[in-house]
1. Could you list, in sequence order, the residues of segment A:12-55 that are in contact with a His (Cβ under 8 Å, 6 or more places away or on another chain) and surrounded by fewer than 23 Cβ atoms within 10 Å (Cβ to Cβ)?
2. As an exercise: evaluate B:Ala177 against (1) under 17 Å from the mean Cα position of the chain (by Cα); (2) surrounded by fewer than 18 Cβ atoms within 10 Å (Cβ to Cβ) and give the number of the one condition it does not meet.
3. Looking at the structure I just gave you, is A:Ala539 modelled with pLDDT of 85 or more and open to solvent by less than 30 Å² (accessible area, probe 1.4 Å)?
4. Applying the selection to segment A:58-103, what residues are more than 17 Å from A:Leu373 (Cα to Cα) and small (Gly, Ala, Ser)?
5. With more than 19 Å from A:Ala368 (Cβ to Cβ), free of Cβ contacts under 8 Å to residues at least 60 places away in the same chain, open to solvent by 40 Å² or more (accessible area, probe 1.4 Å) and at the interface with another protein chain (Cβ under 9 Å from one of its Cβ atoms) as the only criterion, which of B:Arg168, B:Arg125, B:Arg163, B:Arg193 stands out?
6. If A:Leu453 satisfies every condition in (1) more than 12 Å from chain B (Cβ to nearest Cβ); (2) in contact with a helix residue (DSSP H, G or I) (Cβ under 9 Å, 6 or more places away or on another chain); (3) at pLDDT below 65 but one, which is the exception?
7. Among the residues of segment B:64-113, count how many are under 30 Å from A:Ile395 (Cβ atoms), open to solvent by 20 Å² or more (accessible area, probe 1.4 Å) and more than 9 Å from chain A (Cβ to nearest Cβ).
8. Go over the candidates A:Arg227, A:Arg217, A:Arg248, A:Arg254 one by one and state the one that is at pLDDT 95 or above and open to solvent by 10 Å² or more (accessible area, probe 1.4 Å).
Amino acid sequence: MTVPEATGYDPWSEAASALAIFAVDPPGTGLRLRGRSGPVRDALLEHLAELLPQTPLRRIPVGIDETRLVGGLDLGATLAAARPVMQSGLLAEAHGGAVVIAMAERIERSTCALIEAALDTGESFGPAGRVPARIGAVALDEGIDEDEALAPSLADRLGLVIDLDAVPMSALSRMELLPEHAAVARARRVLSDVAVPDDAFTALVEIAAGFGIDSLRAVLAALRTARAAAALDGRTMVTQADLGLAARLVLLPRAVTVPQSPDEREPEPQEPEPAPENPVEEPESGSQENDTTDSDDSENDDPGSLADAVVEAVRAVLPPEVFAAIRDRAKGAIKSGARGRGDMPASGRRGRPAGLRQGRQRPGERLAVLATLRAAAPRQALRRPAVDAEASPLIRVRPEDFRFVRRKIRRRVATIFVVDASGSAALHRLAEAKGAVELMLAECYVRRDEVALIAFRGPGAETLLPPTRSLARAKRALGAIPGGGGTPLASGLDEALKVAAAVRKRGDTPVVILLTDGQANVARDGRGGRAIAGEEALAAASGFRRDGFDAVLIDTAPRPQPRAREIATAMGARYVALPQADAGRMAQAASAAARSARLRSTG
Amino acid sequence: MTDFNDAYPFAAIVGQDEVKTALMIAAVDPSVGGVLVFGDRGTGKSTAVRGLAALLPERKVIAGCPYGCEPSPSASSCPHCSLPGTPTKAINVRIPVVDLPLGATEDRLVGALDLERALAHGEKRFEPGLLARANGGFLYVDEINLLEDHLVDLLLDVAASGRNVVEREGLSVRHAAKFVLVGSGNPEEGELRPQLLDRFGLCVEVSTPREIKDRIEVIKRRDAFERDRDAFAAAWDKETVRLRRRITAARTRLAELAVADAVLEAAARLCLALGTDGLRGELVLIRAARASAALAGAKTVGIDDLRRVAPTVLRHRLRRNPLDDTGSGVRIERAVAEVLPA
């Protein structure tokens, strides 16, 4: 096994490798291009089209309908011919090649499901039955935050990840790094001869475990990557360098945590068991570490050594910021552990389809063409003029045939708890707020409403639970919240404004529930000082009134505070004194606020 | 769309015993009423369901009936078999495992007017949907927690009644649609409505294997499968045939297995101790225990069978107290230890 030379890290060369590896063996796997559209992305896509065997890349636009994707009735042709004409689906047309999913982060979840089915089974499932669709997928992922993430189920299937933003424009002057058609074709021919040594399987599984990656699909994708890398290099055996590349292109972008390097392990003994596995797992996940040691009973007296060597090599190649960034992510473990929102992207939010409706078209309603045709079809014989029957091939559609897609428009309410986690009463207050969050979730998941939680203490505020309707996720996120320290009320309000604005942007209604005694003593810059902190808090509070966000301030002080009332007035919030701040009453107050907000937004 | 012929062999799945057992129990006794598989991504939920198709024994249907009607002395009311003079020759077919993709329309699910017939011949005819295809078999919905509400309601209604009734576009059609609903999903992406949860007979939680050596085995097998599907399937064929025989044998044995009063009583006590709503839990508990005994080749249904299936049957029926962090598994374990001491 060769050790990769520690050359400078070149994102462009990484991207070129990922492109070549995808092109060697696309079916069932994928490439995720993260970052904004630009010349680098265009160059990669253009080049990829040249690398694929025969089939061109087929582009899937955001608003594609099911029929175009999996085949079905061709409406234009059907109307022209007055008899049903079927069209093939885009997935089937891409058979043997790949599809490019434009604006993948905004694509409907149902569209994703159809693409995933083709990736998994090599077939497309349409009304006309199953047709071959052995494809790979390239996702153009421009999502910038959690609100706009690629559907997790699709992200899981797209093994290779390229970070476009890391590639400088100057890279375009080095087009020679991109793989040649002949080289890729050669690799394709020898791919099935590439052997994988036994310890490589072990190494990849261990590296993934070390990065805290649970999905075994990622490990499989890494394996395929290593094999393709060997084939591209003209070798018939996977080497350590191939594993390193696979770790960088497939595993590292999914890392939830990073194992500590050997020289880091000693000086940081105070960190309570760094848990190189998954910090968000149940406590007994520590057993993994033990398993690695006794995973093989005999030959290998230094198990995991290949995995360690690969990780160290990766660490040596990559700029240190990359690992540091992952570690930071791991510290806010909850957020990274539960990446991706499971809900429909904003484009699907204009209400849920709820069957069809007959009658006159209402503004904003879409015609259900197929259903309309179905309504018109049986009556064609009656409607055809007796005299000139042959001469008019068109289908006669009358107003009573029109069918419209009925959508239930239901704005969802996101209740944002903003909790003062400072001072001595913090733990009690937090525990009760957590209880209220869970009570609300247990009650409101029927309505698909959401709950979020922001805590502020010490130097600043943090969104501990982004808007979610998953009780499972909330429980995990709220597992252990630290309390104590100063009171940066302004920072907490700023953060709440940000989250509330994001909620409103995607078409839902935010309701803010602030739990505090109103005694701010930390300013936005993290420094102490009651006067400044108080002024800043009042200024931040006025933002809620300005933007018209519904809010409730729950005063948790043992005795009601004038200061808290002032803040409530500035916010335009309802003021409720709840010295005991118990979870049940808090949830009641929040539910009432959510109810009235919902009424107002739909009314 | 039905049977995944070149799917990964069920028998070759590493671990995941609870999922495998739950699916086999549903195959032995479909009246347990559906299986819900909840877990993380990439844990092989779909693999298990799709692999199931190859395991199932054949069933008898009326030849040519698109609704998969069973031959029966009483006249079937499906649009095909109710036509006078329809030949009623019975043939053996594979039990269908039908995939319902997330984006499917209502038309595709319940069926709709056959446009071709209507336009070309002015004839009003019904084109059966996925519910008809799933009759007598399994209907699989991946990411069921993300399925549109109105489709979920529709599925529930049909699954509960065993009949698909279509009244639309001037059509009036009814046909049998008895199927085992299998749903899978990741609870982190959204919960399932409690009304839906309760309708599933069995509920399994899956996770990635914790042991490194199991994970390695998963990767190795999957890799071998992807490199040469035929060879891999052939290597597992013996095991596949063995499992299929076990299911077939269990089906025939099922009717003979009596459940002693002591077992019935134990099931009732267990449900009482856990405070599950209604009698459904109890009923499914007994049915699942009987199917489990049949699969094991036992002569009687024992307390052991009850113990074995209790988590799968009851996990999703416990009343939730969001402030109590005790997992449902632990609560069931405790109740079992208390009510059915070994």
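1. A:Glu50, A:Leu51, A:Thr55
2. Here B:Ala177 clears every test but (2).
3. No: the conditions fail for A:Ala539.
4. A:Gly63, A:Gly71, A:Ser88, A:Gly89, A:Ala92, A:Ala94, A:Gly96, A:Gly97, A:Ala98, A:Ala102, listed by residue number.
5. After applying the criteria, what remains is B:Arg193.
6. That leaves (3) as the condition not met.
7. Residues that pass the stated criteria total 4.
8. A:Arg227
The values are calculated or read from the model by the stated rules, or taken from the named source; none is laboratory data. Owing to the predicted nature of the structure, the values given are computational and were not obtained by experimental measurement. Neighbour counts are summed over all protein chains in view; Cβ atoms, including those assigned to glycine, are modelled from backbone coordinates with ideal geometry. For the accessible areas, the whole protein counts, side chains as well, though only heavy atoms, and no ligand, DNA or RNA atoms are used. Shrake-Rupley method; radii C 1.70, N 1.55, O 1.52, S 1.80 Å.
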